[in-house]
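Reviewing the structure listed below.
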Amino acid sequence: MNRVAFFAILLLAAQLPSAPVASATEQGAPSSRVLRQGKNIYKQSCAGCHKWHGDGGGGYGGAALSLRTTHLDQDQIMEVVRCGRPGTGMPQHTPKAYEEKCYGISIDDPDIEFPMKANTMLSPDEMAAVSAYVTNILQGKGTPSLTDCEDYWGPASHNCRDYRSGSSSDRTSNTPKEDH
Amino acid sequence: MSDFVQDNIWRKQMRSTRLAAMFAVLIAAGLAPALADEKIVTGERLVNADKEPGNWLTHHKNYQAHRYSSLSEITSANVKKLKVAWTMALGGIEGGGMWSHGGLEATPLAEDGYLYVTDGWGSVYKIGTHGGKPKLIWKMDPKTDRDWAGAVTCCGVDNRGAALWQNLVISHVIDGRLIATKKDTGEVSWIAELADPEKGETITAAPLIVKDMAITGVAGGEFGIRGWVAATDLKTGKQLWRTYTVPAKGEPGSESWKDDYNAAATGGGPTWVTGSYDAATNTIFWGTGNPGPDWDHEYRPGDNLFTNSTLALDADTGKLKWYFQHTPNDPFDYDSVAERVLIDLPDSGKKMMVLADRNGFAYALDRDQGKFMWATPFVNRVSWTKGIDPKTGKPLEYDPQKSIQPYLGAPSRTNLIGTACPGNMGGKNWPPTSYNPNLHLLYIPVIESCNQLTVTPTKPGSHKAKEFFTGGGPKQHERITGSIVALDVTSGKIAKKVELPFPMLGGILATPDLIFSGHPDGKLSAYDAKTLEELWSFETGSGVNAPPITFSVDGKQYIAVAVGLGGAWPKWFMDSTPELKNIQPGSVLYAFALGD
């Protein structure tokens, strides 16, 4: 499969989510319990690459995309969590995601570089929770602020010193912005 | 057990501007003369550490970094009788920052039957081992702000061990502190701040005590730091010298940074593995790490001195005597931080300095002048160069007239994805080698790997404090394995090699006719020193990520090793060793002795 066809499938897949779990958008506004659960999962499984602020960037986990500027909806994000992103460092969080269904890709396709499997797999509820955290807390929030920082690390965290002194006004100049 | 470090005490002592006040405390408490019946650790004892075979007084066992013990109760003939003598659960398993858990990478120290071991967050444990039973004498908990330091460390919650000086235990904390703890009581005498996590600086290496100084290296090559080696006067607490590994504008070496936007300011060159010391010439040998950003070497045209280099430093002044750069203008993350092993060959009289570099080659240099002697590939696959020039010691592709070096398979701004063997964890990472001076064999714990490297072009001015500054990232596309190499340093040839299913992440101990090493799947093994045949093993039930030591107490020889998989592997490289996903975090000190 050539790259154009592959990304066309990805685009189509993004428009037609195929996650086997209940659609996140049908569940209404997430509860604070779900968001707390999502934050805990995000800390453990996502923040190493996407960073605490979700804006991504380089690092030992590869060049992670920005979740603050993503245009994916919650179901699409959940599918990316479930299936990972072929050809990138974004891992799949369901053991047999491609045996089930991901982006319309066949598990037998020899041209696909399937994503690695995450160290910690996630249940459908956990994937829904972390996707809810991304869409409600990170997505569309612009440049990270002191409030964002203290919400993540806690009100007295040393990690937010720069924000208190106002020296972190432009964080995103080295961050990839595209979604797929 | 008692915990003497109170939060309010160290927080008051956190600011370096208050060092003067701290050292009033030091004079009052820490430097009080040792009790008459207490042995103190002097510079003379450290220089002659091998004359105390039952002890392990300094990080690499001796100043030459041999990690060789002459204890010979446990031999190839009886090692099959080795049994667990005792275990002790330690702490430090908590997560923080971007890390879900801590691990153990420490080399324990041993003195007269007492062990001193650190956990990843910097707690120091003094453990009595007399009578064949472990007893926790004290624990010094530095109350590390785990989210703070854990947010700016690339490669795990790491602390590789403590040091002994006079009547104090000297240790680092990942958040940049140097702490002196009373050896008898566990009370903190003083604290100094050396590295600043606000700049992306952390400390993971054990201190090296030279005379009355603590020598410190810094980590942070993935966060755009400017590396350094520093000496702290343990009598006064004052910094004696700090030598930067990346020169300032106008200083020698600055001509090797050819950009016009001061790439050197975030040029890396960390120093995160403990060096060695030649008392005869008063020279400290220390390795430097990768330039930053790691993979976008077009951001930093030039050789990028003194990154990826061997530095020979005057111990009293920190001044550079000579250097040798191993991988100029590195696009692979090939830190040259490995411990420098000092070897005198009795027949030829050669005084060598040998290291197993992350770039896959073992190097020998004349240690008085830094002259290249030989280099030998010790990994199965080297793809980034056709070899090392036997005259210059530089990679064959190296052209001093070029600003961007044309290494094979390197990622670049026009070819964003490259492939390199060894992969970016290198042929040998921090886990230490050992050297048997009778067999003239250097034992190398090898990672057999290739990985893919992606460049993200870096824009001038884009560096942000406390953010990764790597110019891209690695990706694992195939399985990674390991091996142990026995290298004959008299010839520079590989004498023996044994292939292993997992990368070597824990380092090697050598004894007269054995070597010992742990494995990330939990196995601890003993091998014949000549044939590398595995003679004994034990399943610890967790991952071994730390070097074994040996010591004696009550006339009996023990092997000790800290067990608990941490470091970079579980987070960044696990997909290349999928079976290790089943390894759970742990924190246990094991001791082994011969059974009946």
Expected vector for region B:393-408, Karplus 3J(HN,Hα) from phi with 6.51, -1.76, 1.60 and θ = phi - 60°, integer Hz, x for Gly and Pro, equals x, 8, x, 4, 7, 5, 10, x, 7, 9, 7, 10, 7, x, 5, 6
Per its Cα gyration tensor (rounded if a/c is under 1.5, else prolate when a/b beats b/c, else oblate), region B:490-541 is best filed as prolate
Among GluC sites (Glu not before Pro) in region A:59-101, those in a DSSP loop whose Cβ has at most 10 other Cβ atoms within 10 Å are none
Percent of all alpha-carbon pairs of region B:187-335 at distances over 28 Å, whole number, is 16
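Rounded to the nearest 500 deg cm²/dmol, what is the calculated helix-only ellipticity per residue at 222 nm for chain B, with -39500 (n - 2.57) per DSSP H run of length n ≥ 4?
Computed ellipticity for chain B at 222 nm equals -1000 deg cm²/dmol.
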Given backbone amide H placed at 1.01 Å from N, residues whose amide H is under 5 Å from that of B:Ala85, ignoring those fewer than 5 places away on the same chain, are B:Ala591, B:Phe592, B:Ala593
The answer for chymotrypsin sites (Phe, Trp or Tyr not before Pro) in region A:20-102 that fall in a DSSP coil and have at most 10 neighbouring Cβ atoms within 10 Å is none
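Quick one: order B:Ser348, B:Ser309 by neighbouring beta-carbon count within 10 Å, fewest to most. Provide the component values of the computation, followed by the final result.
Values: B:Ser348 9, B:Ser309 26.
Ranked by crowding around the Cβ, least crowded first: B:Ser348, B:Ser309.
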Output for region B:526-565: GluC sites (Glu not before Pro) sitting in coil per DSSP, at most 13 other Cβ within 10 Å, listed by number, reads B:Glu533
Checking every Cys Cβ in the protein assembly as shown against the others at 4.7 Å leaves as unpaired A:Cys46, A:Cys49
The simple spin-label model distance between B:Ala77 and B:Gln369, using points 7 Å out along Cα→Cβ, in nm, is 4.7
Looking only at lysines whose Cα falls under 27 Å of B:Lys235's and that sit 8 or more positions away or on another chain, we get B:Lys12, B:Lys39, B:Lys51, B:Lys61, B:Lys126, B:Lys139, B:Lys143, B:Lys182, B:Lys183, B:Lys211, B:Lys319, B:Lys321
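Assign one of three labels to region B:60-138, namely rounded, prolate or oblate, based on the Cα gyration tensor with a ≥ b ≥ c the square roots of its eigenvalues; rounded applies when a/c is under 1.5, prolate when it is not and a/b is larger than b/c, and oblate otherwise.
Verdict is prolate for region B:60-138.
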Cross-link reach from A:Lys141 to lysines, straight Cα distance under 24 Å and at least 8 residues apart if same chain, gives A:Lys39, A:Lys43, A:Lys51, A:Lys177, B:Lys459, B:Lys464, B:Lys466
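Suppose every Lys and Arg Cβ carries +1 and every Asp and Glu Cβ carries -1, with no other charges. What dipole size does chain B come out with about its Cα centre, to the nearest 20 debye?
Dipole of chain B, to the nearest 20 debye: 260 debye.
Taking other Cβ within 10 Å of each residue's Cβ, how do B:Ile388, B:Ile494 sort, fewest first?
Numbers: B:Ile388 23, B:Ile494 15.
With the sparsest Cβ surroundings first, the list reads B:Ile494, B:Ile388.
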In nanometres, the difference between 0.36 nm per residue of separation and the alpha-carbon distance of B:Thr87 and B:Ala280 is 65.5 nm
In whole Hz, the Karplus estimates of ³J(HN,Hα) for region B:491-504 (6.51, -1.76, 1.60; θ = phi - 60°; x where Gly or Pro) are 10, x, 9, 6, 7, 7, 9, 10, 7, 9, x, 10, x, 8
Note to self: C-alpha centroids of region B:406-450 and region A:117-167 sit apart, in Å, by 36
Classified through the alpha carbon gyration tensor (a ≥ b ≥ c as square roots of its eigenvalues; rounded if a/c is under 1.5, else prolate when a/b is larger than b/c, else oblate), chain B comes out rounded
If every Lys and Arg gets +1 and every Asp and Glu gets -1 at its Cβ, then about the Cα centre region B:331-415 yields a dipole, in debye to the nearest 20, of 200
In this structure, the FRET efficiency calculated for B:Thr490 and B:Thr185 from their beta-carbon separation, with R0 = 45 Å, to the nearest 0.05, is 0.40
Chain B: longest segment with zero exposed chymotrypsin sites (Phe, Trp or Tyr not before Pro), where exposed means DSSP loop plus at most 15 other C-beta atoms within 10 Å, is residues B:262-596
Given the candidates B:Gln369, B:Trp322, B:Phe332, the one whose Cα lies deepest towards the positive end of the charge dipole of region B:260-378, counting +1 at each Lys or Arg C-beta and -1 at each Asp or Glu C-beta, is B:Gln369
Spelling it out for B:Gly427: with amide H atoms placed in the peptide plane at 1.01 Å from N, the residues 5 or more places away or on another chain with amide H under 5 Å from its amide H are B:Asn359, B:Gly360
If each K or R counts +1 and each D or E counts -1, the residues other than B:Ala356 whose Cβ falls under 11 Å of its Cβ total +1
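At a Förster distance of 30 Å, what's the computed FRET efficiency of B:Lys51 paired with B:Leu345, Cβ-Cβ distance as r, to 0.05? Please report the intermediate quantities before stating the final value.
Values: r = 21 Å, r/R0 = 0.71.
According to the calculation, E is roughly 0.90.
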FRET efficiency (B:Glu397, B:Glu533; Cβ distance; R0 35 Å; to 0.05) is 0.35
Footprinting proxy, B:Thr577, B:Thr245: sorted fewest to most Cβ within 10 Å, the residues are B:Thr577, B:Thr245
In debye to the nearest 20, the charge dipole size for the protein assembly as shown, taken about the Cα centre with +1 at each Lys and Arg Cβ and -1 at each Asp and Glu Cβ, equals 860
Under 16 Å by backbone N from the virtual spin label 7 Å along Cα-to-Cβ at B:Arg479, the residues of region B:508-537 are B:520-521
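No value in this document is a laboratory result; all are computed from the given coordinates. If you're wondering where the values come from, they're calculated on a predicted model, not measured in any experiment. Using ideal geometry, Cβ is built from the backbone for each residue, glycine included, and neighbour counts are taken over all protein chains shown.
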